[in-house]
1. Given a cut-off of under 8 Å on Cα pairs at least six residues apart, what relative contact order in percent is computed for the chain?
2. Under 4.7 Å Cβ to Cβ, no partner at all: give me those cysteines from the chain, in residue order.
3. Non-local amide H neighbours of Lys275 (under 5 Å, H modeled in plane, Pro and chain starts lacking H): which ones?
4. Calculate, for Tyr422 and Leu297, the FRET efficiency according to 1/(1 + (r/R0)^6) with r their C-beta to C-beta distance and R0 25 Å; round to the nearest 0.05.
5. Rounded, prolate or oblate: which fits the stretch 124-186 when a ≥ b ≥ c are the square roots of the eigenvalues of the alpha-carbon gyration tensor, with rounded for a/c under 1.5 and prolate only if a/b beats b/c?
6. Can you give the angle from 0 to 90° between the axis of helix 262-271 and the longest principal axis of the chain, with both taken from C-alpha atoms, to the nearest 10?
7. How far apart, in nm, are two points set 7 Å out from the Cα along the Cα-to-Cβ line at Ser196 and at Trp401?
8. Using only Cα atoms, find the angle between the long axis of helix 409-422 and the longest principal axis of the chain, and express it within 0 to 90 degrees, rounded to the nearest 10.
Amino acid sequence: MKVLIVYPKVEETFWSFKYALKIVRRKAAFPPLGALTVAAMLPAHWEKRVVDMNVRNLREKDIKWADYVFISAMIAQQKSAREVVNWCKELGTKTVGGGPLFFSYSADFSDMDHIVVGEGEAILPRFIEDLENGVAEHFYISKEHPPLQQSPVPEWNLIKFKDYATMSIQYSRGCPYNCEFCDIIVMNGRVPRTKSNDQIITELEALYKRGWKGSVFIVDDNFIGNKKKVKGLLREVITWQEEHKRPFAFFTEASVDLAEDPELMNLMVEAGFNKVFLGLETPAVESLKECGKKQNLKRNLSESVHIIQKHGLNVMGGFIIGFDNDPMDIFQRQVDFIQNNGVVTAMIGLLTALPGTRLYQRLQQEGRLLFKSSGNNTDISGSLNFIPKMDRECILKGYQWVMDTLYSPEHYYERILNFLKYYQPRAKTKILFSDITALIRSLWYLGIWDQKGTRKYYWKLLKKAFLNYRNALADIVTLAIYGYHFRRLFWSRSAFESFLENTGRLPKKEGA
């Protein structure tokens, strides 16, 4: 059996880091972890290849080589996935679909030969057996949440490490919280399941033996879902890092109640974590209550962010606009919160109702659903897929103003400086050759090549970094490079022209 596993192209999104990747000379931010894990679950005697369309183009000969094309995709990859399916049909190659896209929108891909919905460890063995016996059915589904001890080490030999900025591993699935808008608990359940400590150490060894050094993203949606177990893991990771001269810098996603556990934060930093993504969502308390985000109500959100930053973790934040209880000044309040608390990497999205979530069910009952989500909550045309309580046009215009403001050079670089007031870097990570080259290339892209009105902010930041924040220099350079991506991605044409006017790069309009 010849199987081609295709990871479709990701549209330009917050997490694609498309423009930042040009500076660091990488083709994609993250490897297709799910696809590589599925590859490891397939029989060893099958011939397997992986094509990550974010790294190279899919070719006709790739499809013709295969007996089956397996497509692993998220909702945000639906356009590319549809193109792959159509191409396979034209060439007569059978298709198999799996992943969050097919979990939510399987009806949109009824023309595929096989669709597998559920966790691979639970459902793939039966599907593989049926496929080999020539009796495979069209649709397979499992709601089982199996122990992760069954999950294999991803088949890293199927990709080239040099194509990626960061490697990825998974420790757990599931989250103990029940946020109304979240589909994670729909797919993975509310009881966090973890791999064993030995499994994670084995996966770290696999990356290390293949020569990887640098950033590793632990992709769990809530890494601290089982705090007792994760503390035990971190102690073993600390030992492993010391024995291997600390080759990895980790980052992950967690809930904001991380701020309530100093021991956990200290262990994370000692293990090599330097960043954490938190679902902060909104400074509006009534909106937090509305969506069931009780973990964000334990203490003042600003205080929680500062506590985590002072422990040596750069807080990246997810924010949402569009809740029923959002006040009319929510746009200014979001900007003020993000700016004043130095949440430099801030993913601000429009509220989106995904199938299976409590939000989707509520809005459906209220007759407020409008269309299917694109899976990208920063896409104005593909999110806010319901009738909001606030005027829709007001939300969209306010959202664009938030993005234009936060990702203007002035606000972005000021936010880095605000972040440095609270941040106390403590993670023991080695300066790698790639860090040095990133700094050198940023000097060209951000200090010379970038727009004239933007360059001054970069040089001002770099000067302050060398004078006052040398121990955070790697973080500062990374954030500056991220800013280039966000500015290119989110800054509207009107905001860009206004900026050029104010910096003398564009003649002012009459009457302005």
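1. Averaging sequence separation for qualifying contacts and normalising by length gives 13 percent for the chain.
2. For the chain, the answer is Cys88, Cys175, Cys291, Cys394, because their Cβ atoms have no other cysteine Cβ under 4.7 Å.
3. The answer is Thr252, Asn314.
4. The value I calculate is 0.70.
5. It comes out oblate by the Cα gyration axes.
6. Helix 262-271 sits roughly 70 degrees off the main axis of the chain.
7. Spacing of the two 7 Å Cα→Cβ label points: 5.7 nm.
8. 90
Quick note: the coordinates plus some simple rules give every number you see, no bench work behind them. On a predicted model such as this, the values are computed, not experimentally measured, just so you know. Cβ sites come from the backbone with ideal geometry, for glycine too, and all protein chains shown count toward neighbours.
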